[in-house]
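The values are calculated or read from the model by the stated rules, or taken from the named source; none is laboratory data. Note that this is a predicted model, so its numbers are computed, not measured. Glycine gets a Cβ as well: all are built from the backbone with ideal geometry, and neighbour counts include every protein chain shown. For the accessible areas, the whole protein counts, side chains as well, though only heavy atoms, and no ligand, DNA or RNA atoms are used. Shrake-Rupley method; radii C 1.70, N 1.55, O 1.52, S 1.80 Å.
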Amino acid sequence: MATLFKDILITDGSRDKAKRVHMLVSKGRIAEIIDADRTPPTADKIISGHGKMAAIPGFVNAHTHAAMTLLRGLGEEAPLMEWLQNKIWPVEEKLTPEYIYWGTLSAMLEMLATGTTCFADMYFEMERVAEAVLSSGMRAALCRGITAGEPGKLEKSLQNNLELAEKFHGREGLITVQLGPHAPYTVPLEFMKKICDAAKSHGLGIHFHFMETEGEKNNLGMSDEKYLQESGLLEAPYVALAHAVWLDTNINLPDNFTLVHNPSSNLKLGSGVMPLAKWLDKGASIALGTDGASSNNRLDIWEEMRTAALLHKGVNKDPLCVSAAEALRMATYEGSKAFGFAQKGMINEGWVADLILINLDKPHYIGVNEENLTQYLVYAGSSADIVGTMINGKWLYRNGDYPTLDKEEILEQARHAREAILS
Ligand code: NI
């Protein structure tokens, strides 16, 4: 089935300005883009934009812990280690595979409504997460969070992560699987080497929390550069480092590294502000993440995009720092690229139709045009303007409805899970 977006504005993170076009989506791809003054192609479904709608690539939430929606609001206003040890970890022990399944689906409702088409998730019971992903048609990069604990837990978690990859990596083009060592303070260096060896031999990427807090950096026992060398991370097929707030900006990262900037989570936990401008100057790849819902507390990448675009202008006293187009590119294309998804995150003919439809017929878009659309979206817009989220050319969210998900059932089950883990 083909869908025609008739007379809409399109933009993405590679464009200086938007274009007013007709765009045809067919067989999951962007089949044709032509100027809006030409005769539009025919299609089964037509969305008439009248120049008052915009389509942009779907957002990629490049670092989250989706099922932590069930833990939202626990241990507010505490530093990272205190929050983890006293509030989060004791409750996480009560999570069952079933609770994680419903908590993940609940996160997906939230992410789809705010324009996320793909999320990179680090948690446990990931088989259930993969089932939730496949049943919805959403896209995800999954890893099992590997942490030390009782004897044998590290080995078992790695084995479990490799089985996840065996079973789900590449499934239906919707899922990629990474190895997910949690952080330097939860995985001993010796075991980190084993994980990096496994990543190399299985051709898998790594998703890792690194240099989130100053305390973590002080307790590392070596420089962060030395840690990257010793652990074997530099030789992994590809690596996403979440946070990197305290990562030494003198390090030259390989091209297959992406830093995942989580501005709201870092602000809320008082971890600091990542020196984004320095990394961008060095040409580093930067994607955006929300982190889990209990440290943000939203799963809204549009908000992270706006925060990133504003925060670094203030910190650097430079209004040119992080342009709207750069912020949009970080929120879309860079996350796709970081987790092994090809031809996603830009609006080009032949690319995958993971798209967001935005209603511009609102007061805060008065004055919007092809020249300034990206700036309007980043600075004036919000996820409340989204009227549709499409993955592989199919609507997963449209005008408040979720065609592939049972919203009422998910909310009920997630509420039940929340009550059970707190009782
Ligand atoms: Ni995290």
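Summary table below
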{"quantity": "Count - residues of segment 287-319 that are among the hydrophobic types (A, V, I, L, M, F, W, C) and within 16 Å of the ligand (Cβ to nearest atom)", "calculated": "5"}
{"quantity": "Qualifying strands (runs of 3 or more DSSP E) (wholly inside segment 308-423; at least 3 residues being open to solvent by less than 10 Å² (accessible area, probe 1.4 Å))", "calculated": "355-359, 386-391"}
{"quantity": "Pick from segment 67-105, criterion open to solvent by 20 Å² or more (accessible area, probe 1.4 Å) and among the hydroxyl-bearing types (Ser, Thr, Tyr), ranking: farthest from Ser382 (Cα to Cα)", "calculated": "Thr96"}
{"quantity": "Hits in segment 96-139 (condition: under 24 Å from Ala240 (Cα atoms) and charged (D, E, K, R))", "calculated": "Glu110, Asp121, Glu125, Glu127, Arg128, Glu131, Arg139"}
{"quantity": "Qualifying residue in segment 208-231 (condition: open to solvent by less than 10 Å² (accessible area, probe 1.4 Å) and part of a loop (DSSP other than H, G, I, E, B))", "calculated": "yes"}
{"quantity": "Entirely in segment 1-66, the strands (runs of 3 or more DSSP E) that have 2 or more residues that are of a type in the set (A, V, I, L, M, F, W, C) and open to solvent by less than 70 Å² (accessible area, probe 1.4 Å)", "calculated": "2-10, 19-26, 29-35, 53-57, 59-64"}
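Residues checked against (1) open to solvent by 10 Å² or more (accessible area, probe 1.4 Å); (2) within 16 Å of the ligand (Cβ to nearest atom); (3) under 29 Å from Gly400 (Cβ atoms); (4) assigned to a helix (DSSP H, G or I):
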{"residue": "Arg128", "(1), (2), (3), (4)": "yes, no, yes, yes"}
{"residue": "Ala132", "(1), (2), (3), (4)": "no, no, yes, yes"}
{"residue": "Ala141", "(1), (2), (3), (4)": "no, yes, yes, no"}
{"residue": "Glu155", "(1), (2), (3), (4)": "yes, no, no, yes"}
